C-alpha cells in the first residue's frame, strides 16, 4: 500500500492572507489506495491546504505534483478534470435543482448540444445505487436531509474518474448509520485504488478508517505518521501542542444538585410551544444557572425548539412566562430584550456577517439591542472585543480582519463572543462544538460551566451525548420532532439510557418518576 | 526597496486607488487633447473653467448616488430616483410659478418644503413596499419609476413650467465663496449622510443587513426599519437633486428631468466599490464614481465626439473602468507576469504571526 509512488505530493507550501499566515512550508503526500487523514485544530490550515491543492487559492510558495508531473490548478474544475475531486466542508450544491442535475451540472451528457435528460437520470440512478442510496433523482435536492445532500456531493465527485478524492469534514452532519455507510463507500473506493484525503474532527473515525495521518498545527507541518504507530493520546498532543489535561475539572462540575436550582421562579417557562411541521407542542422550564441539554438525532427537532424559544420562528400557540410574568417571544429582537441569546448551528448562513470585521460581528447583537442611534463608543467596543478575543483565544487576534478570513472554529468563537457581550440570561447554543477541534471544544465546554456557575442559564444542544451529559443539569430528549422526556442528570443517567430514550421514545413515565 | 514595494502594494490595494486612477487618467487625457482643460479663471468674483463645471454638473448625480449607495448596501436598488427628481422639481416649480412674487425667499422655501415632504412620502411608499410587504426592490421601485413620470406630468399638467425666481435659480447656478453653490450643497449632503451613517451605528447595521439578512435578524436587528429608512433617505437625496436639475434651467419638464439618472447613480455606486449584492458601502468611492461619469460626459462634448457615437464611447469607457476594478480580471493579467519570482513580501513578515 505504501511502497508505491505517491500519486500526489505537495512540497514547501506557504500561503498568507492579509494578517494571517495560513500555511508555512508544509509538505504532504498521498499514496494510491490509502485513506490519509489530515488532522489539526481549527485554524491549523487544513482547509487552506485543500484549497491550495484544488486551485481555489494560489500558493505563495511551493510545488504540487500529480503522478510526478508538476501541476498548478486554477480552480476546482480544472483539478477535477485532472482527477482530483473535492467534497467541501460546506455542501456546495444547488438545493433548488434536482438530485440528478446536481450530480451532472456542468458536464451533462449531450447530444448535438441538447442535454440528454433521460441519460442524466439513468446514470444518476446507477451512481447512487453504487452508494446504496435509493433516491428519487428527479426530486429537488433540498427535499433531502443535509446528510443525503452530502452523499450526493460524494456521488458527484466520484463519478468523474477521480484518482484523488478529498473529503473535507464529510461526517460533521451525519449520524452514526450514515457515517458507517460513508465509510463502507470510502473503503470500496480505496480498494479500487483511489487515494482519499479525509479531514475530520472525530478522532474515533480517524482510527476506524485512516491508514496514515498528517498533523498540522498553526499553519506548520508537525509530521506524518502511520495510524497504527500513533496512539490516540499522542495524536491529540501533537495537534494541540501540549499535554492534555484540559478535560479535567469539567467532570466534577456536572451532576450538581438540580433541586437547589429549581427552587424559585423559573427564568423561562414555556408551555405548549410548538409549530406545525416543525415540532410538536412541548413545555420546558429553565432556571437561572441551569444547563439544560437537548439531546436527539439530527433532524429530531432540536434546532426547531431553540428557534421557537428565540422567536426566530413563531410558535403556533402556548404561553411563555419570563420571571413568572406572562410574556411573548415573537421575534429575535424581542427575545434579546428579554435576555435570550442564540448561537445558530448554521454558522455561515445564520451566524456571521462575512463582510464585517471580527469587531463588528462581535458587537452586532449588543448594538442591535441599543438601536442604531446609540452607537457603542469605540473605546468601549475595543475593550469588549479585546476581552473576548483573549478570553476565547480567538486567532488571529486582530479584531479588524474580516471575519471570513477566520477558520470555522474561530468564527464560532466570534459568534459566542457576540452573545456573551450582551450578557444574556439565557444562552441557547445549537451545536456550538460541531466541526471544531478538541482544544476549542473543551474551551467552550469550560466556558459553559463557568457561565452557569455565574448564574446564566444555558440551553445546550449537541449530538454528542457525552458532552451533553458532562455539562447539563437536565436533559430533554427529542425524538421525531417531539420532546419525549426530560431527565434529571443524576447518577442513574448515562449515555445508554439517553440512547434508549431516543430509540424507544417511551420513557416519559420514567422521567416523571 | 522592500519598503517601497510594500507601500506600492498598499496603495494599489486601497479600494479608492482604481477609481481615483481612472479619474486621473481621464483628466490627463483631456489635458493632452486640449491643454487649456484644467485652467481656471476668476471672473466677477466667480471661478470659471471646465473642472468647476464638472464639479457643478456632477452635484445632482452625487446626491442621487449617495442615497443609492445606502439602498444598494442593504442589497436593494432604487429605480425610482429619476422620477422622484422630476416630481420634486415639478412640485417646487409649479408652486413658485403660481405665486405673485417668485423672487420671495419665503415662497421658495415653502416650495422646497412641500416638494421635499411629498418626496419623503413617496420614499416611504417605496420603503413600505420593500420592507413591510416584501416586494423585491427592483419591482417595488419600478412602480414609482413608471408611475412617477405620470405623476410629474400630472403636476405640471403636461406643460414645461418655466419660472423666473432668482433664489430658486441659485440652487443650481448660484455662487458662494467664488464656487458654485451646488458644490457646497452636494458636499453638505455627503457630510450629512456620512455623519448619519458613520457617527451612529446605522452604517454598520445597513452593511450587516445587506451582508447577511438572516444572520442580522438573528442578531436582533429589526431590519425592516433600516430598509425603510434607506429608501426614505434615497428619496430625500433625489428630491434635492431634482431641485438642482430644474434650477439649472429654471423650468420643470416632467418628462426630461432626471431621465436615466438612476442608471448613472447605480453605475457611480458600483464604480465606487460598493457591491450590488449588498454589504460594505463606500461613500467616498461613490463620489469619485459620480465625478468619473460627469467627466466622461464632459469629455464627450469637449472632444467633439459626434453625438451618434457618444453613447457607444461612454459604454466602452464604462466597461473598461469596471474591468480594471474587477479583481478576477486583474488577477488574470498579473498571473501572466507571475513567472518572475514574487518579491519577498507580506508573506514573510513575522508581524502577524499568530500566537501558539
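Within the stretch B:17-45, how many residues turn out to be more than 27 Å from residue B:175 (Cβ to Cβ), surrounded by 10 or more Cβ atoms within 10 Å (Cβ to Cβ) and either modelled with pLDDT under 85 or over 24 Å from the mean Cα position of the chain (by Cα) (or both)?
Number of matching residues: 2.
If you go through the stretch A:128-151 one residue at a time, do you hit one that is more than 27 Å from the chain's Cα centre (by Cα) and under 24 Å from residue A:187 (Cα atoms)?
Yes, the stretch A:128-151 contains a residue that is more than 27 Å from the chain's Cα centre (by Cα) and under 24 Å from residue A:187 (Cα atoms).
Listed here are the residues, each with its yes/no results for (1) buried (at least 18 other Cβ atoms within 10 Å of the Cβ); (2) under 23 Å from residue A:346 (Cβ atoms).
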site: A:92; (1), (2): no, yes
site: A:95; (1), (2): no, yes
site: A:111; (1), (2): no, no
site: A:116; (1), (2): no, no
site: A:122; (1), (2): no, no
site: A:127; (1), (2): yes, no
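Pull up the stretch A:48-68, narrow it to residues that are more than 26 Å from the chain's Cα centre (by Cα) and in a loop (DSSP other than H, G, I, E, B), then point me to the one that is farthest from the other protein chains (Cβ to nearest Cβ).
The extreme case among them is A:67.
For the stretch A:411-432, name all the residues that are in a strand (DSSP E or B) and more than 17 Å from the chain's Cα centre (by Cα).
Matches in the stretch A:411-432: A:426, A:427.
Kindly indicate which of A:435, A:455 is in the same structural domain as residue A:304 (by TED's automatic domain parsing), modelled with pLDDT of 85 or more and part of a loop (DSSP other than H, G, I, E, B).
A:455
Go through the stretch A:301-354 and report how many residues are free of Cβ contacts under 8 Å to residues at least 12 places away in the same chain and touching a strand residue (DSSP E or B) at 6+ places or on another chain (Cβ under 6 Å).
Total meeting the criteria: 1.
Within 24 Å of the chain's Cα centre (by Cα), in a helix (DSSP H, G or I) and free of Cβ contacts under 8 Å to residues at least 60 places away in the same chain: is that true of residue A:118 in this structure?
The answer is no for residue A:118.
Are any residues in the stretch A:7-32 within 17 Å of residue A:213 (Cβ to Cβ), in a loop (DSSP other than H, G, I, E, B) and either within 14 Å of another protein chain (Cβ to nearest Cβ) or at pLDDT below 90 (or both), and if so, which ones?
Once the filter is applied, which keeps residues that are within 17 Å of residue A:213 (Cβ to Cβ), in a loop (DSSP other than H, G, I, E, B) and either within 14 Å of another protein chain (Cβ to nearest Cβ) or at pLDDT below 90 (or both), the stretch A:7-32 yields nothing.
Matching residues to (1) assigned to a helix (DSSP H, G or I); (2) within 11 Å of another protein chain (Cβ to nearest Cβ); (3) surrounded by fewer than 21 Cβ atoms within 10 Å (Cβ to Cβ); (4) under 24 Å from the mean Cα position of the chain (by Cα):
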{"site": "A:342", "(1), (2), (3), (4)": "no, yes, no, yes"}
{"site": "A:369", "(1), (2), (3), (4)": "yes, yes, yes, no"}
{"site": "A:372", "(1), (2), (3), (4)": "no, yes, no, no"}
{"site": "A:386", "(1), (2), (3), (4)": "yes, no, yes, no"}
{"site": "A:390", "(1), (2), (3), (4)": "yes, yes, yes, yes"}
{"site": "A:393", "(1), (2), (3), (4)": "no, yes, yes, yes"}
{"site": "A:409", "(1), (2), (3), (4)": "yes, no, no, yes"}
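Looking at B:258, B:278, which one is buried (at least 20 other Cβ atoms within 10 Å of the Cβ), within 14 Å of chain A (Cβ to nearest Cβ) and either under 22 Å from residue B:78 (Cα atoms) or at pLDDT below 90 (or both)?
That would be B:278, the only listed residue that is buried (at least 20 other Cβ atoms within 10 Å of the Cβ), within 14 Å of chain A (Cβ to nearest Cβ) and either under 22 Å from residue B:78 (Cα atoms) or at pLDDT below 90 (or both).
For the list (1) surrounded by fewer than 24 Cβ atoms within 10 Å (Cβ to Cβ); (2) facing chain B (nearest Cβ under 7 Å), I need the number of the one condition that residue A:353 fails.
Residue A:353 satisfies every listed condition except (1).
If we scan the stretch B:281-293, do we find a residue that is surrounded by 13 or more Cβ atoms within 10 Å (Cβ to Cβ), at pLDDT 85 or above and within 14 Å of chain A (Cβ to nearest Cβ)?
Yes - at least one qualifying residue is present in the stretch B:281-293.
Can you confirm whether the stretch A:330-337 contains a residue that is more than 10 Å from every other protein chain (Cβ to nearest Cβ) and surrounded by 16 or more Cβ atoms within 10 Å (Cβ to Cβ)?
No, there is no match, as no residue in the stretch A:330-337 is more than 10 Å from every other protein chain (Cβ to nearest Cβ) and surrounded by 16 or more Cβ atoms within 10 Å (Cβ to Cβ).
Given the criteria crowded, with 23+ Cβ neighbours inside 10 Å, over 28 Å from residue A:183 (Cβ atoms) and in the same structural domain as residue A:181 (by TED's automatic domain parsing), does residue A:63 qualify?
no
Among (1) more than 14 Å from chain B (Cβ to nearest Cβ); (2) under 30 Å from residue A:237 (Cβ atoms); (3) in contact with a helix residue (DSSP H, G or I) (Cβ under 9 Å, 6 or more places away or on another chain), where does residue A:474 come up short?
Of (1) more than 14 Å from chain B (Cβ to nearest Cβ); (2) under 30 Å from residue A:237 (Cβ atoms); (3) in contact with a helix residue (DSSP H, G or I) (Cβ under 9 Å, 6 or more places away or on another chain), only one is false for residue A:474: (2).
This table checks each residue for (1) more than 23 Å from the chain's Cα centre (by Cα); (2) within 14 Å of chain A (Cβ to nearest Cβ); (3) assigned to a helix (DSSP H, G or I).
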| site | (1), (2), (3) |
| --- | --- |
| B:146 | no, no, yes |
| B:152 | no, no, yes |
| B:161 | yes, no, no |
| B:185 | no, no, yes |
| B:209 | no, yes, yes |
| B:224 | yes, yes, yes |
| B:229 | no, yes, yes |
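The values are calculated or read from the model by the stated rules, or taken from the named source; none is laboratory data. These numbers were taken from a predicted model, which means no experiment stands behind them. Cβ sites come from the backbone with ideal geometry, for glycine too, and all protein chains shown count toward neighbours.
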